1. Given the condition modelled with pLDDT of 55 or more and crowded, with 16+ Cβ neighbours inside 10 Å, answer yes or no: does some residue in segment 8-31 qualify?
2. What are the residues in segment 87-105 that are over 18 Å from Ala56 (Cα atoms) and either of a type in the set (Phe, Trp, Tyr) or touching a residue at least 40 places away in the same chain (Cβ under 8 Å) (or both), if any?
3. Could you grab me the full set of residues in segment 51-85 that are among the small types (Gly, Ala, Ser), more than 13 Å from Ser118 (Cα to Cα) and in a strand (DSSP E or B)?
4. When the residues of segment 87-110 are narrowed to those that are touching a Leu at 6+ places or on another chain (Cβ under 9 Å) and of a type outside the set (Ser, Thr, Tyr), which ends up surrounded by the fewest Cβ atoms within 10 Å (Cβ to Cβ)?
5. Starting from residues that are among the charged types (D, E, K, R) and modelled with pLDDT under 95, keep the ones in segment 40-57 and report whichever is surrounded by the fewest Cβ atoms within 10 Å (Cβ to Cβ).
6. Somewhere in segment 71-86, is a residue under 28 Å from Val202 (Cβ atoms), without any contact (Cβ under 8 Å) to a residue 40 or more places away in the chain and loosely packed, with under 14 Cβ neighbours inside 10 Å?
7. Being among the aromatic types (Phe, Trp, Tyr) and closer than 14 Å to Gly78 by Cα is the filter here, so list the residues in segment 122-138 that pass it.
Amino acid sequence: MTTKLGTQTLAAMRLAVICILASVLISSASLAQEVPVFAITPLDSSIKFDVEASVAIKGTFDKWKATLTFTSPDVATGVLDVGIQAATVDTGSSLKNGKLKGPDFFDVVRNPLITFKSTKIVQTGPDTFEVDGDFTIRGVTRSEKLTLAVSGKGTGSGLIKGTLYFDRKDYGMNSGIPFIKIANRVEVNVALKAKRTSGPPVVLKQ
């Protein structure tokens, strides 16, 4: 009888432990799902650049992808990750495109991607943000700042517009283009169409 009761007690304890573990796992899974999830659609978005020069040098990139992920509804936990296929640069001029793709500038053969991955997001106003991140071009990575403005707050869908400035010589782009005088500072403009596909809204300061 004692053995039977002991067996029953042990079975009951095991069942209790299993129930507790299952409850914890289900709760953890539920919490993990309670984060904002966004999709960014390239079709409705753009990444452009502009550099002062004696002959206008501005253009866009035809192929790229971007993600915006969060670990909680707190906007400070967001991570913006952008990857651009450098060889898809388009200035409207095959001559300029070829020069920019070459080893003196983007060096697309050895460094096919231009990337930006945020390391810190700080809300500076009701709809504005400063985003510090690692910017990589030509295989050189440096910390740069992207300033953003967001429209459509509270709708679950909106446009993220931002500007990043960098010095091309910091990334080894020291050459010029024959007969064209080029400034060192490059302006990059992003316009990303984002839509929340699941999870709660991002909590912003009012």
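1. The answer is no; no qualifying residue exists.
2. Correct list: Asp104 only.
3. Residues satisfying the conditions are Ala53, Gly59.
4. Val108
5. The selected residue is Asp44.
6. Yes, segment 71-86 contains a residue that is under 28 Å from Val202 (Cβ atoms), without any contact (Cβ under 8 Å) to a residue 40 or more places away in the chain and loosely packed, with under 14 Cβ neighbours inside 10 Å.
7. Within segment 122-138, just Phe129 meets the criteria.
Residue by residue, here is whether (1) of a type in the set (S, T, N, Q); (2) more than 20 Å from Val75 (Cα to Cα); (3) without any contact (Cβ under 8 Å) to a residue 12 or more places away in the chain holds:
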| residue | (1), (2), (3) |
| --- | --- |
| Val109 | no, yes, yes |
| Thr115 | yes, yes, no |
| Lys120 | no, no, no |
| Val140 | no, yes, no |
| Ser143 | yes, yes, no |
| Thr147 | yes, no, no |
| Ser157 | yes, no, no |
| Thr163 | yes, no, no |
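The values are calculated or read from the model by the stated rules, or taken from the named source; none is laboratory data. Worth saying up front: this structure is predicted, and the values here are computed from it rather than measured. We place every Cβ from the backbone using ideal geometry, glycine too, and count neighbours over all the protein chains shown.
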